[in-house]
Amino acid sequence: MTITIALPSKGRMKEDASAIFERAGMTISAVGNDRSYRGRVEGWDDVEIAFLSASEISREIGNGTVDFGVTGEDLMREGFAEVDKRVEFCARLGFGHADVVVAVPEIWLDVDTMADLVDVAADFRARHSRRLAIATKYWRLTQQFFSSQHGIQLYRIVESLGATEGAPASGSADIIVDITSTGSTLRANHLKVLHDGVILHSQACLVRARKESHADEPAVQVIIDAVRAAL
């Protein structure tokens with residue numbers, strides 16, 4: 001069988017992913033010109049490379065269209081319910097670090113934990129006759145964290161189509177769930193991360209689609225072992 005590995009198509013993620021595969025003995029080159037979206041691995045005739053965006057990679061790997069992919073764990077866990085039944089997180093690659101966090105306005109001086117938010121949500125319902133509004137692009141992770149892990153039900157999700165961190169200042173939401181690397185953008189917008197408000201420590205991962213055909217293909221485990229050894 002031909003094994004398809006989806007890699008980031010541009011930027012630092014592409015460079016870092018390619019460097020790890022090269023250390024693993026899998027040197028990647030584009031098929032055609034440098035702008036080509038197909039690639040090959042030197043000496044591996046049964047492996048092909050597809051250069052895609054990070055969001056495309058998460059979708060294709062989750063749907064089983066490709067065999068392996070390098071993408072952020074946040075995209076996989078947001079994109080699919082029960083994602084661990086669909087894919088295997090084979091290796092965390094040590095780059096693309098970012099946290100999915102709950103952030104509230106700095107002026108909420110007495111709100112520092114998720115337990116405090118339970119009281120805030122109840123207060124919003126009692127005083128304002130409405131639910132706490134959360135702006136986010138991560139609705140699945142938000143629901144799991146608020147409802148399943150912390151038992152908070154009195155909230156509503158506001159889909160964020162632009163810069164999520166600006167939602168509280170604009171009045172479109174009360175708090176946010178967003179991804180951050182350094183926290184500088186949150187601070188610039190006068191937001192603070194709750195002490196226990198980190199939903200996910202994300203980074204780039206080598207992810208494998210769980211396919212029955214992989215059981216009879218030794219190269220699948222060879223690729224996994226080679227990448228792990230290169231870290």
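The values are calculated or read from the model by the stated rules, or taken from the named source; none is laboratory data. All figures in this text were calculated on a predicted structure; none of them were measured in a lab. Here the Cβ positions follow ideal geometry from the backbone for every residue, glycine too, while neighbour counts run over all protein chains shown.
Values as computed for the structure displayed
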item: Residue among VAL70, VAL104 that alone is under 30 Å from LYS192 (Cβ atoms) and among the aliphatic types (A, V, I, L, M); result: VAL104
item: Answer from VAL111, VAL102 - the residue that is assigned by TED's automatic domain parsing to the domain that holds PRO168 and buried (at least 21 other Cβ atoms within 10 Å of the Cβ); result: VAL102
item: Qualifying residue in region 200-208 (condition: modelled with pLDDT of 95 or more, surrounded by fewer than 17 Cβ atoms within 10 Å (Cβ to Cβ) and either of a type outside the set (Gly, Ala, Ser) or not in a loop (DSSP other than H, G, I, E, B) (or both)); result: yes
item: Qualifying residues in region 209-231 (those that are among the charged types (D, E, K, R) and part of a helix (DSSP H, G or I)) - the one nearest to the chain's Cα centre (by Cα); result: ARG228
item: Qualifying residue in region 54-62 (condition: outside the structural domain of ASN189 (by TED's automatic domain parsing), surrounded by 15 or more Cβ atoms within 10 Å (Cβ to Cβ) and at pLDDT below 95); result: yes
item: Any chance SER148 is over 17 Å from ASP74 (Cα atoms) and of a type in the set (Ser, Thr, Tyr); result: yes
item: Within region 10-53, tally of residues that are surrounded by 18 or more Cβ atoms within 10 Å (Cβ to Cβ), among the small types (Gly, Ala, Ser) and free of Cβ contacts under 8 Å to residues at least 60 places away in the same chain; result: 3
item: Test: ILE20 is assigned by TED's automatic domain parsing to the domain that holds GLU217 and farther than 17 Å from HIS214 by Cα; result: yes
item: Neighbours by Cβ (under 8 Å, 6+ apart or cross-chain): first from region 210-231, of a type in the set (A, V, I, L, M, F, W, C); second assigned to a helix (DSSP H, G or I) and surrounded by 15 or more Cβ atoms within 10 Å (Cβ to Cβ); result: VAL220/HIS214; VAL227/ILE20; VAL227/PHE21; ALA230/ILE20; ALA230/PHE21; LEU231/ILE20
item: Scan of region 116-174 for residues that are crowded, with 20+ Cβ neighbours inside 10 Å, touching a Pro at 6+ places or on another chain (Cβ under 9 Å) and either acidic (Asp, Glu) or assigned to a helix (DSSP H, G or I) (or both), ordered by number; result: PRO168, ASP174
item: Some residue of region 84-101 being free of Cβ contacts under 8 Å to residues at least 60 places away in the same chain and not in a helix (DSSP H, G or I); result: no
item: Residue that is closer than 19 Å to ARG12 by Cβ and of a type outside the set (A, V, I, L, M), where the choices are GLU48, GLU73; result: GLU73
item: Subset of region 177-186 that is touching a residue at least 40 places away in the same chain (Cβ under 8 Å) and not in a loop (DSSP other than H, G, I, E, B) - its residue that is farthest from SER147 (Cα to Cα); result: LEU186
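Condition check ((1) under 25 Å from GLY79 (Cβ atoms); (2) out of contact with any Asp or Glu (no Cβ under 6 Å at 6 or more places or on another chain); (3) not assigned by TED's automatic domain parsing to the domain that holds GLU60) across all residues:
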position	(1), (2), (3)
GLY183	yes, yes, yes
ALA188	no, yes, yes
LYS192	no, no, yes
VAL207	yes, yes, no
HIS214	yes, yes, no
